[in-house]
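**Student:** Have a look at this one before I ask anything.
Values quoted throughout were computed directly from the atomic coordinates according to the rules given, and no laboratory measurement underlies them. Remember, it's a predicted structure, so these values are computed and weren't measured experimentally. Please note: Cβ atoms are built from the backbone with ideal geometry, for glycine as well, and neighbour counts cover all protein chains shown.
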Amino acid sequence: MDSTLEIRWHGRGGQGAKTAALLLGEAAMSLGKYIQAFPEYGPERMGAPVASFNRISDKPITLHSGITNPSIVLVLDHTLIDSIDVTAGLPADGKLIINTALAPADIRKELKLKGSRVFTIDASKISNETIGRDIPNTPMLGALVKVSGFLKIEDVLKDLETKLKKKFASKPEIVAGNLDAVKRAHAEVMAE
Amino acid sequence: MPTAAKTGNEAMAEAMRQINPDVVAAYPITPATEIVMIFASFVADGLVDTEYIPVESEHSAMSACVGASAAGARVMTGTSSQGLALMYEILPIASALRLPIIMSDVNRALSGPINIHCDHSDTMAARDFGWIQIFSENAQEAYDNLIQAVRIAEHPKVKLPTMVTTDGFIISHCLEKIEILEDAQAKQFVGERKAEVSLLDVEHPVTLGALDLPDYYFEHKLQVAEAMRQASQHILEIAKEFEQQTGRKYDLIENYKLDDAEIAIVALGSTAGTTKAVVDELRSKGVKAGLLKIRVFRPFPAEALAKALANVAAVAVLDRADSYSAQGGPVYTEISSALYGKTKAPKLINYVYGLGGRDVTIDDIRGVFSDLQKIDKMPTFNYFGVRE
């Protein structure tokens, strides 16, 4: 159980928290990992808080419990931290990655957080500049790859390119924009 | 063999695409909707030759399945919870007419109170309708079981409708890595249905579903019971053939680190997977823990079970449904009946758990194993994960 990486995504309905977990799962799988990706099911409404989860391991995963102590938490929407306890269950050596223009120290202060490590990335700005819309999930993936260090960014970009090219065959600008977003977030994520 | 990332629902829809049934009649219901939704897109995209009948209710879905199957077609459907409950009236008709209809059921709590999450109350309530029931631990098993179900249901010595289940949301909506047969390999494995009679064969007219009074009803029901008794050996033969193709081994039950186990859990579905993780943990600490997973619940593998548990000292049977008999859950009563009169049998306790999607944690399972180490002080009927 120790070798399994557990991740929780927080977002608002429509922001792509579920898709982010699926994308990460597929990317990790194509790089030889065993994976799980699953959303939390409740009322599904545009804008309402939602969560999704990943398990990633080098060995087959038989565990099918919910994830209560993730070692990494990603927050796609800064405003969620007013209403959701995004650090619930995050251990002292856990990592929190938030989509915000603020610095990690500001977020730590806002959350009154002791322990854990805080990372920030302005994924919405990157998404607006690269994809032309505020869809923060792909840049968050780039930040996650940097922070977690369990996958190589080159491998993830290659896998993502193959998948997006298949999905957006007639819109090459979407493929380029998304790849750019991942690359930029990977480079720009801020640590404490 | 190709691998893919699939949810339980996607895995079942993929199996259906490869099976390419003649008729699918279904009505959508959470959390099984995706299965028939994805399959409907296969129909629309021309990837299958199936006649897809979008009916107005599950009662109609099963009725349409009965009609189409009686006409000689290979027929599939998918449902969950209240949807299955609305089919209950027709389920024993399908088995009495010996129609090999294949169903995927995504296990979801029966209302009420209304709930959309996993427990086994829907299929446990359907256990006495003459359907073969196969439970899946994960997306891979959901796919593998559905492919095998076609052969099981249509086997000339069986000819019984068959349902394959997954745990709602826990498996149905969880993306996992699975291996999929090549299309041609799957097609060859399932073959074609060879119905002995067909309502559409006007050269050889037959009557199906006629009034069956005290003079014959009993004999027909006896034949269903006999087919169910025969089914186990054919399920095993088909599993063997499937293993030759895929390397993936299936049985009526799965024994996990059970051979030298002193304490063991019996579970169905995804909880068996979570239990495996805890068994591994306990084994690394020198505790002789094991798991017995029931894959086939109907026919009930009583003999295999009694044999597998004979040398275990203490066993906890986990029921993700209550039968409100005040005598434990349905799996517990089946197992205690299977062990009755055996000279070597474990001490047995029961837990009802996980109703309405209540999470099953590692700590819950650790707690059960810890209870088993002091079984003499335990009551027979227990719960975990519930506020009392």
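**Student:** Reachable lysines from B:LYS159, Cα under 17 Å, same-chain residues fewer than 8 places away excluded?
**Tutor:** Result set, ordered by chain and number: B:LYS194, B:LYS221.
**Student:** Which value at 222 nm does chain A reach when only helices count, each DSSP H run of 4 or more adding -39,500 (n - 2.57), with the total divided by all residues and rounded to the nearest 500 deg cm²/dmol? Write down the numbers at each step before the final one.
**Tutor:** Numbers: 6 runs with 74 residues, N = 192.
-12000 deg cm²/dmol, from helical runs alone.
**Student:** So which trypsin sites (Lys or Arg not before Pro) in region B:199-262 are both in a DSSP loop and have at most 10 other Cβ atoms within 10 Å of their Cβ? It would help to have the intermediate numbers written out before the result.
**Tutor:** Values: sites: B:LYS221, B:ARG229, B:LYS240, B:ARG248, B:LYS249, B:LYS257; in loops: B:ARG248, B:LYS249, B:LYS257.
Loop-located and lightly packed - B:LYS249.
**Student:** Shifting gears a bit: Please go through region B:216-303 and write out the chymotrypsin sites (Phe, Trp or Tyr not before Pro) that DSSP classes as loop and that have at most 11 other C-beta atoms within 10 Å. Intermediate values should be presented prior to the final figure.
**Tutor:** Values: sites: B:TYR216, B:TYR217, B:PHE218, B:PHE242, B:TYR250, B:TYR256, B:PHE297; in loops: B:TYR216, B:TYR250.
Listed in order of number, the matching sites are B:TYR216.
**Student:** Of the options A:GLY115, A:ALA169, A:ALA21, report the single residue whose Cα projects farthest towards the positive end of the charge dipole of chain A (beta-carbon charges: Lys, Arg +1; Asp, Glu -1).
**Tutor:** Farthest towards the positive end: A:ALA169.
**Student:** If I take every Cα pair under 8 Å that is 6 or more residues apart in region A:5-191, average their sequence separation and divide by the length, what percent do I get for the relative contact order?
**Tutor:** Working: 371 pairs, mean separation 37.9, N = 187.
So the answer I get is 20 percent.
**Student:** Taking θ as phi - 60°, what are the ³J(HN,Hα) couplings along region B:377-388 by the Karplus curve (6.51, -1.76, 1.60), each to the nearest whole Hz, with x for Gly and Pro?
**Tutor:** Ordered by residue, 3J(HN,Hα) equals 9, 8, x, 5, 9, 9, 10, 9, x, 10, 7, 9 Hz.
**Student:** For chain A, modelled as a GNM with alpha-carbon contacts under 10 angstrom, which of A:ILE84, A:ILE98, A:ILE153 fluctuates the most?
**Tutor:** A:ILE84
**Student:** Which of B:MET87, B:MET62, B:MET12 ends up with the largest GNM mean-square fluctuation for chain B, with Cα atoms connected below 10 Å?
**Tutor:** Highest fluctuation of the listed residues: B:MET87.
**Student:** Here is a further query. Treat the count of other C-beta atoms within 10 Å as a stand-in for reagent exposure and order B:ILE147, A:ILE131 from fewest to most. Provide the component values of the computation, followed by the final result.
**Tutor:** Working: B:ILE147 26, A:ILE131 19.
Lowest to highest Cβ neighbour count: A:ILE131, B:ILE147.
**Student:** Still on this model: If you average the sequence gap of Cα pairs under 8 Å that are 6 or more apart and divide by the length of region B:3-246, what percent do you get for the contact order?
**Tutor:** Numbers: 488 pairs, mean separation 57.7, N = 244.
Worked out over region B:3-246, it gives 24 percent.
**Student:** Under the rule a/c < 1.5 gives rounded, and otherwise a/b versus b/c splits prolate from oblate, where does chain A land using the Cα gyration tensor? Could the numbers behind the result be given before it?
**Tutor:** On the way: a/c = 1.42, a/b = 1.13, b/c = 1.26.
Rounded shape, in that the Cα axes give a/c under 1.5.
**Student:** Any chance you could give the angle, 0 to 90 degrees and rounded to 10, that helix B:270-284 forms with the longest Cα principal axis of chain B?
**Tutor:** Here the helix axis deviates by roughly 30 degrees.
**Student:** Another question, then. Enumerate the aspartates and glutamates that A:LYS59 could reach by cross-link, defined here as Cα to Cα under 16 Å, with residues fewer than 8 away along the same chain left out.
**Tutor:** Hits, sequence-local ones excluded: A:ASP2, A:GLU6, A:GLU26, B:GLU176, B:GLU179, B:ASP280, B:GLU281.
**Student:** Taking square-rooted eigenvalues a ≥ b ≥ c of the alpha carbon gyration tensor, is the protein assembly as shown rounded, prolate or oblate, where a/c under 1.5 means rounded and, failing that, a/b exceeding b/c means prolate? Intermediate results must be reported in sequence, preceding the final value.
**Tutor:** Numbers: a/c = 2.17, a/b = 1.42, b/c = 1.52.
Oblate.
**Student:** Please compare each pair in B:LYS157/B:LYS257; A:LYS95/A:LYS167; B:LYS240/B:LYS342; B:LYS177/B:LYS249 to a cut-off of 26 Å on the Cα-Cα distance and tell me which ones are over it. Can you show the working numbers first?
**Tutor:** Details: B:LYS157/B:LYS257 34 Å; A:LYS95/A:LYS167 32 Å; B:LYS240/B:LYS342 29 Å; B:LYS177/B:LYS249 17 Å.
Too far apart for the 26 Å limit: B:LYS157/B:LYS257; A:LYS95/A:LYS167; B:LYS240/B:LYS342.
**Student:** Sticking with this structure for a sec: So what's the gap between the Cα centers of region B:126-169 and region B:249-286, to the nearest angstrom?
**Tutor:** 22
**Student:** Taking Cα centroids, how far is region B:182-208 from region B:98-113 in Å?
**Tutor:** Using only Cα atoms, the two centres lie 24 Å from each other.
**Student:** Report, ordered by chain and residue number, the aspartates and glutamates lying within cross-link reach of B:LYS344, taken as a straight Cα distance under 14 Å and ignoring same-chain residues fewer than 8 apart.
**Tutor:** List returned: B:GLU262, B:GLU303.
**Student:** With Kirkwood's inverse mean 1/r over C-alpha pairs for Rh, give me the Rg to Rh ratio of region B:253-384, two decimals please.
**Tutor:** Details: Rg = 13.3 Å, Rh = 14.5 Å.
Reported Rg/Rh (Cα atoms, Kirkwood Rh): 0.92.
**Student:** Sticking with this structure for a sec: Over region B:284-350, what relative contact order in percent results from Cα pairs under 8 Å that are six or more residues apart? Let's see the in-between values first.
**Tutor:** On the way: 64 pairs, mean separation 25.6, N = 67.
Taking the mean separation of contacting Cα pairs over the length of region B:284-350, I get 38 percent.
**Student:** Something else about it: If you take the square roots of the eigenvalues of the alpha-carbon gyration tensor of region B:64-145 and sort them as a ≥ b ≥ c, do you get rounded (a/c under 1.5), prolate (a/b over b/c) or oblate?
**Tutor:** Working: a/c = 2.09, a/b = 1.38, b/c = 1.51.
Here region B:64-145 falls in the oblate category.
**Student:** Also: Please state, rounded to one decimal and in Å, the Kirkwood hydrodynamic radius that chain B gives when every pair of distinct Cα atoms enters the mean of 1/r. Don't skip to the answer; put the middle values down first.
**Tutor:** Working: mean 1/r = 0.0471 Å⁻¹.
With all distinct Cα pairs of chain B included, I get 21.2 Å.
**Student:** Based on DSSP H runs of at least 4 residues, each adding -39500 (n - 2.57), what is the mean residue ellipticity at 222 nm of chain B after dividing by all its residues, to the nearest 500 deg cm²/dmol? Please list the in-between numbers first.
**Tutor:** On the way: 13 runs with 152 residues, N = 388.
After summing the helix terms and dividing by residue count, I get -12000 deg cm²/dmol.
**Student:** Another question, if that's okay. Compute the distance from the alpha-carbon center of region B:57-82 to that of region B:335-371, in whole Å.
**Tutor:** Distance between centres, Cα-based: 35 Å.
**Student:** Given the pairs B:LYS288/B:LYS347; B:LYS288/B:LYS374; A:LYS125/A:LYS171; A:LYS125/A:LYS166; A:LYS125/A:LYS183; A:LYS33/A:LYS183, which span a C-alpha to C-alpha distance of over 18 angstrom in this model? Working shown, then result.
**Tutor:** Details: B:LYS288/B:LYS347 16 Å; B:LYS288/B:LYS374 14 Å; A:LYS125/A:LYS171 21 Å; A:LYS125/A:LYS166 26 Å; A:LYS125/A:LYS183 14 Å; A:LYS33/A:LYS183 22 Å.
Listed pairs above 18 Å: A:LYS125/A:LYS171; A:LYS125/A:LYS166; A:LYS33/A:LYS183.
**Student:** Which residue, B:VAL368, B:VAL36, B:VAL55, tops the fluctuation ranking in a GNM of chain B built on C-alpha contacts under 10 Å?
**Tutor:** B:VAL55
**Student:** Under a point-charge model restricted to the Cβ atoms of Lys and Arg (+1) and Asp and Glu (-1), what is the dipole moment magnitude of the protein assembly as shown relative to its Cα centre, in debye to the nearest 20?
**Tutor:** Around 1400 debye, computed over the protein assembly as shown.
**Student:** Oh, and also: Do any GluC sites (Glu not before Pro) in region A:1-82 lie in a DSSP loop with no more than 12 other beta carbon atoms within 10 Å, and if so, which?
**Tutor:** Details: sites: A:GLU6, A:GLU26, A:GLU40, A:GLU44; in loops: A:GLU40, A:GLU44.
Within region A:1-82, the qualifying GluC sites (Glu not before Pro) (loop, at most 12 other Cβ atoms within 10 Å) are A:GLU44.
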